[in-house]
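S.K.: Submitted below is the structure of interest, expressed as structure tokens.
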Amino acid sequence: MMRTGFQRVARLVHHKALPRNPHLLPKLHQASAFGSSTDSLVARFCPEKTDLKDYALPNASWCPDMLSLYQEFLEKTKSGRWIKLPSFKSNREHIQGLKLPSGLVTASDKQDWRIFTRCILLEGQGYEYVIFFHPSEKKSVCLFQPGPYLEGAPGFAHGGSLAAMMDETFSKTAYLAGEGLFTLSLNIRFKNLIPVGSLAVLDIQVEKIEDQKLHMSCIAQSRDKQTVYAKCSGVFLQMQLEEDPPQ
Amino acid sequence: MLRSCVARLRVLGAPPARRPGPVWRLFSSEKVIRKDYGLPNPSWSKDLRLLFDQFMKKCEDGSWKRLPSYRQNPTQILKDFQTRFVDPSFTKEEQMSKAQQFSRSFEEGLGFEYVMFYNKVEKRTVCLFQAGLHLQGVPGYVHGGAIATIVDITTGMCALAEGIAMTANLNIDYKKPIPLCSVVVVNCQISKTEGRKLFVSCSIQSVDEKTLHTEATALFIKLDPDKRLT
């Protein structure tokens, strides 16, 4: 299994999809029993060079809390243990070169797809977020700042928007930790409201992977951990994407 | 939650804050009337229109009622909510004027296209829902979080009929992925009440009722009029 992981990484380097500089390659970890190793998934997910716009970068709407916590995590990525995930406008852009198993592919000539959490592109109005992933411990942290367009109760983020942010962070974590693809279940306990424009920190942990399912837990709280906004557990279904050779 | 109060009033209020994109016609003669989004528009598919007509027929004898849906809460309701439930230090005047209901923050056809009908006797809310291209998750399918949002909104409407309530728990079982741009029927009903607790059950089915996409249960807590939220 380790050898397959090595071979895949080697192939990616050969095809110039990965840089040759060794210090940029994450340390190799035990491959998941299912298919691709976390490292090859991460390598493919985080392209060195791309024309695609990364929305998970600071902008003028980020509150000071979000900016400073972002800087803290950016420091941690230097050791290679944490990785900042890019965030493109659509999941199609995230899985370039890959496709859904046949039977699940939906034919569509429409071009304007957008991932739900990037539905509102106006700076600061919708979802402002960035996800950091820790491959060896299979955990993630999402810094989330809901904008005024996500309002539910006046002045506070809609419960549905937090549910969506949790589902999205679960989704990227499950994919990189073990090719998780579809949400099977979400169980959310809301505790306190998130004021619009403030920072919520989501901590996600993969609890176990068995029977083709990834089980994860999440806690969303204020930066100082004094206020818990919600707790959630989620289960995702593993499903391997297929290579989609260029036409 | 306050949307239901809003739904019951035909309030004349200021037009929402300007945003880029198509400018909505909000003026009708001299009166300023806010746009009701729970009505057919060009982005609605044939399936959605047919279902809408079927339910409008059911409204004729008064057993069902179509719920109007606006983008913003009127200023007075906002101020009331803030005064009763929120600590004064939380009020941000500037943000209040920009805020709008999450599910109505999209351009026509690209986000949540939906309309809700309510049956008072059965305490049941039905939502006819068409997910647009900006609600994508796995390519070609509706994002799990968007599904969670529509479940939260529809179960919330059910609970709101009993009084202002907040979501406490949401349990969602995803059975079959929902293809983007398809129409589904979200069916919610109060299953139990225990004091201030409201238990709502929910299912999402295809139009022909042959596919069960999602099952969910939600717990709402009615707000205590004597307590603050923050």
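S.K.: Please check segment A:154-170 for residues whose accessible area, probe 1.4 Å, is lower by 50 Å² or more when all protein chains are in place than in their chain alone.
M.R.: Residues passing the criterion (a loss of at least 50 Å², heavy atoms only) are A:PRO154, A:PHE156, A:HIS158.
S.K.: At 1.4 Å probe size, with every protein chain present, just tell me what the per residue accessible area of segment A:35-122 comes to in Å².
M.R.: I get 50 Å² per residue for segment A:35-122.
S.K.: Mind grabbing the interface size between B and A? I mean buried accessible area, both sides, 1.4 Å probe, in Å² to the nearest hundred.
M.R.: 4100
S.K.: Of all accessible surface on segment A:171-247 at a 1.4 Å probe, what whole percent is carbon and sulfur? Let's see the in-between values first.
M.R.: Values: 1480 of 3280 Å².
Percent of accessible area from carbon and sulfur atoms in segment A:171-247: 45.
S.K.: Still on this structure: Diagonalise the Cα gyration tensor of segment A:43-174 and give the resulting equivalent ellipsoid semi-axes, square root of 5 times each eigenvalue, largest first, whole Å.
M.R.: On the way: eigenvalues 114, 91, 39 Å².
Each semi-axis is the square root of five times an eigenvalue, giving 24, 21, 14 Å.
S.K.: With a 1.4 Å probe and all protein chains left in place, how much of the accessible area of segment B:111-230 comes from carbon and sulfur atoms, in whole percent? If you can, show how the numbers build up before the last one.
M.R.: On the way: 2000 of 4210 Å².
Of the solvent-accessible surface of segment B:111-230, carbon and sulfur hold 48 percent.
S.K.: State in Å² the accessible area per residue of segment A:141-214; use a 1.4 Å probe, count heavy atoms of protein chains only, and round to the nearest integer.
M.R.: 23
S.K.: Checking buried surface per residue: for segment A:110-132, which residues lose a minimum of 30 Å² accessible area in the protein assembly relative to the chain alone (1.4 Å probe)?
M.R.: So the qualifying set is A:LYS110, A:ASP112, A:TRP113, A:ARG114, A:PHE116, A:CYS119, A:LEU122.
S.K.: Please compute one quarter of the surface area of the Cα convex hull for segment A:169-232 and express it in square nanometres. Before the final figure, lay out each step's value.
M.R.: Working: hull surface 19.0 nm².
Approximately 4.7 nm², given one-decimal rounding.
S.K.: Determine Rg/Rh for segment B:92-230; Rg is computed over alpha-carbon atoms and Rh is the Kirkwood hydrodynamic estimate from the same atoms. Intermediate results must be reported in sequence, preceding the final value.
M.R.: Numbers: Rg = 15.7 Å, Rh = 15.8 Å.
Rounded to two decimals, Rg/Rh equals 0.99.
S.K.: Taking accessible area as the heavy-atom solvent-accessible surface of the protein chains with a 1.4 Å probe, which residues of segment B:147-167 lose no less than 20 Å² upon going from the isolated chain to the full protein assembly?
M.R.: Those residues are B:ALA148, B:THR149, B:ASP152, B:MET166, B:THR167.
The values are calculated or read from the model by the stated rules, or taken from the named source; none is laboratory data. What you see is a predicted model, and the numbers here were worked out from it, not measured in a lab. These accessible areas exclude ligands, DNA and RNA; they are computed on the full protein's heavy atoms, side chains included. Shrake-Rupley method; radii C 1.70, N 1.55, O 1.52, S 1.80 Å.
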